[in-house]
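Novice: What follows is a structure written as structure tokens; I'll ask about it next.
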Amino acid sequence: MGAALRNPKFWIFGICLLPLARLVFLGGSDGLGANPIEFITRSTGIWTLVGLLLTLSVTPLRRLSGRADLIRYRRMLGLFTFFYAGLHFVTYIWLDQFFDPAAIARDIVKRPFITVGFTAFVLLIPLAMTSTHAMMRRLGRRWQLLHRLVYLIALLGVIHYLWLVKKDLTEPLIYGTVLIVLLAMRLPWCVTLLQTARNRFAPARFPIGKALARGAGRRN
Amino acid sequence: MLLRQTADILPSEITPPEIYRERRRFMQGLGVLAAGAALGAAPDAGAGVKLAGVRAGAYTLDEDKTPYKDVTTYNNFYEFGTGKGDPAKNAGSLKTRPWTVAIEGEVGNPGMYDIDTLLKLAPLEERVYRMRCVEGWSMVIPWVGFPLSELIRRAAPTGNAKYVEFVTLNDPKQMPGQRSRVLDWPYVEGLRLDEAMHPLTLLAVGLYGEVLPNQNGAPIRLVVPWKYGFKSAKSIVKIRFVEKPPLTAWMHAAPREYGFYSNVNPEVDHPRWSQAKERRIGEFRKRDTLMFNGYGAQVAQLYRGMDLKKFF
């Protein structure tokens, strides 16, 4: 038990369950407001976007901090993203449309934001299915190619949000801006910039950072 | 047609008084919380006060009324923020006294009406109307007010008056949502003169037999039950009679998505979503949206011969 408590994965798992726990608590205490289905749909959608952005921030954070071990938590974040996307999708299919296939099909064609959101969800499925170590080994280099789909999925997620709001674009634009920053941090010149920043501000704190800093120093 | 004549329903019969009082206590508690949150902005004293002399109106519905709590905590009023809970949270800063409504434009009797004069202009009656939001949800609300036509008759429109423009208060100090440029303030809405004169068109000053809460458009608002909710301008300070159709706030913001008429119509979709169904607040499954929100028998003749896809 003590060992489990010392494992950051245990805490991350717990924290990732909090948005769901909150919904269950609010649902039990009549706290979901006048339109509970809208509340649940919105909440699960927002946490899917947050999950996507957190997953995408692992790599830039790793580069910034030099802590390669952060990669160990990325899979869990990705799977929780898929979990909340699944809840979001089930809320729509069940509570919003009541499993009416004709209405759902009409909706997917008729409402562009549904089309985009549905596409993003479908694209998440192969990523979740190939998240195991065994699949990583089996797919080899193709695994990374496949998982680059997450960039497209995140873009579709933000577009899904942008297109559904009536007028106030503030929130979707905040998510869009964070996504653009996270994607930009993957551009080659940005990667170099991050490395320079790390060398400048935290050269001594992490051994890996120090090693890389020495390497960079020689290049100059 | 679901409308029926009833002469004997009193506002107090809609909700048992003990539930009323419980609600009042709840709302007072909420008010204290809101005041705390808004750092001293006290909730308006008028909201929740019972309106005297309200008679049963000619229009009622055989449908369950949306609970007072839902009507007053879930709505759109962008002057107080774009979230559905924002109006209830932020409308405490609105001062509804003193308040005047200017009557301007193509009328024989222009002038300023004090709100307390307006409240005595015509007998107050209760009307239970469906309210359909353009976003796809709906409510059933017992309003208190009088027909707009009572005011228009007194204003005596000239032959040039073809349209009526309604202007909401523009004061970012009282309406914090106006600090954001989400819409071009002030909020402007408009009706054709014959729509404005229609007996269903109501100037509302109350809700559930009580003074209208700030978040629902106090002290005086429009209610046009066969049109999407945003047509019913809230917290009105000016009514202008004009020759040309006014450029409404939503037409200005998104002309492709919001037209001048904005009649509830399940056959004409919003460009980004369907209008065929709606979620009645408090119900689990969606219900079919009715043509003209179920008021076709009364208003369809206003639009005879018009292509409603073109005049959306």
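Novice: Could you list, in sequence order, all residues of region B:243-253 that are touching a residue at least 12 places away in the same chain (Cβ under 8 Å), buried (at least 18 other Cβ atoms within 10 Å of the Cβ) and over 11 Å from B:VAL167 (Cα atoms)?
Specialist: Hit for region B:243-253 is B:TRP250, nothing else.
Novice: Go through A:SER65, A:SER57 for me and flag whichever is under 30 Å from A:PHE201 (Cα atoms) and either out of contact with any Lys or Arg (no Cβ under 8 Å at 6 or more places or on another chain) or without any contact (Cβ under 8 Å) to a residue 40 or more places away in the chain (or both).
Specialist: Sole residue among the options that is under 30 Å from A:PHE201 (Cα atoms) and either out of contact with any Lys or Arg (no Cβ under 8 Å at 6 or more places or on another chain) or without any contact (Cβ under 8 Å) to a residue 40 or more places away in the chain (or both): A:SER57.
Novice: Looking only at region B:254-268, which residues are closer than 25 Å to A:GLY117 by Cα and open to solvent by less than 50 Å² (accessible area, probe 1.4 Å)?
Specialist: B:ALA254, B:GLU257, B:TYR258, B:PRO266, B:VAL268
Novice: Mind checking which helices (runs of 4 or more DSSP H) fall wholly inside region B:61-159 and carry at least 1 residues that are within 14 Å of chain A (Cβ to nearest Cβ) and more than 23 Å from B:VAL237 (Cα to Cα)?
Specialist: It comes to B:68-73.
Novice: Within the bounds of region A:157-167, is there any residue that is away from chain B (no Cβ under 14 Å) and either under 15 Å from the mean Cα position of the chain (by Cα) or over 15 Å from A:SER57 (Cβ atoms) (or both)?
Specialist: Yes, the conditions are met somewhere in region A:157-167.
Novice: Would you pick out the residues in region B:78-134 that are free of Cβ contacts under 8 Å to residues at least 40 places away in the same chain and within 30 Å of B:ALA276 (Cα to Cα)?
Specialist: Hits for region B:78-134 are B:GLY83, B:LYS84, B:GLY85.
Novice: Answer yes or no: is there a residue in region B:207-221 that is more than 25 Å from A:LEU164 (Cβ to Cβ), open to solvent by less than 20 Å² (accessible area, probe 1.4 Å) and assigned to a helix (DSSP H, G or I).
Specialist: The answer is yes; a qualifying residue exists.
Novice: Please pick out the residue among A:ARG186, A:ARG142, A:ARG137 that is more than 14 Å from chain B (Cβ to nearest Cβ), outside any helix (DSSP H, G or I), charged (D, E, K, R) and at negative phi.
Specialist: Result of the check over A:ARG186, A:ARG142, A:ARG137: A:ARG186.
Novice: Checking B:THR117 against (1) surrounded by fewer than 19 Cβ atoms within 10 Å (Cβ to Cβ); (2) closer than 16 Å to B:VAL167 by Cβ, which single condition isn't satisfied?
Specialist: (2)
Novice: Just need a number here: residues in region B:225-272 that are at negative phi and part of a loop (DSSP other than H, G, I, E, B).
Specialist: 28
Novice: Select from region A:148-180 the residues that are of a type in the set (Val, Ile, Thr) and touching a Pro at 6+ places or on another chain (Cβ under 9 Å) and write down the one among them that is most open to solvent (accessible area, probe 1.4 Å).
Specialist: A:ILE159
Novice: While we're on this one: For region A:28-82, what are the residues that are over 15 Å from the mean Cα position of the chain (by Cα), of a type in the set (S, T, N, Q) and within 30 Å of B:LYS286 (Cβ to Cβ)?
Specialist: The answer is A:SER29, A:ASN35, A:THR41.
Novice: A further question follows. List, please: which pairs have Cβ atoms under 6 Å, are six or more places apart or on different chains, and start with a residue in region A:15-38 that is closer than 20 Å to B:GLY83 by Cβ and without any contact (Cβ under 8 Å) to a residue 40 or more places away in the chain and end with one that is surrounded by 16 or more Cβ atoms within 10 Å (Cβ to Cβ) and among the charged types (D, E, K, R)?
Specialist: Correct list of pairs: A:ALA34/B:ASP70.
Novice: In region A:1-118, which helices (runs of 4 or more DSSP H) lie fully inside it and hold 1 or more residues that are open to solvent by less than 70 Å² (accessible area, probe 1.4 Å), at pLDDT below 90 and within 14 Å of another protein chain (Cβ to nearest Cβ)?
Specialist: Ranges flagged: A:101-110.
Novice: While we're looking at this one, here's another question. Looking at this structure, is B:GLU278 assigned to a strand (DSSP E or B) and closer than 22 Å to A:LYS167 by Cα?
Specialist: yes
Novice: Tally up the residues in region B:177-194 that are surrounded by fewer than 20 Cβ atoms within 10 Å (Cβ to Cβ), away from chain A (no Cβ under 14 Å) and not acidic (Asp, Glu), please.
Specialist: Qualifying residue count, region B:177-194: 3.
Novice: Condition first: crowded, with 18+ Cβ neighbours inside 10 Å, of a type outside the set (A, V, I, L, M) and within 13 Å of chain A (Cβ to nearest Cβ). Now tell me which residues in region B:276-297 satisfy that.
Specialist: Across region B:276-297, the qualifying residues are B:GLU278, B:ARG279, B:ARG280, B:LYS286.
The values are calculated or read from the model by the stated rules, or taken from the named source; none is laboratory data. Keep in mind it's a predicted model, so treat the numbers as computed, not measured. Neighbour counts run over all protein chains shown; Cβ positions are idealised from the backbone, glycine included. What goes into the accessible areas is simple: the full protein's heavy atoms, side chains included, and nothing from ligands, DNA or RNA. Shrake-Rupley method; radii C 1.70, N 1.55, O 1.52, S 1.80 Å.
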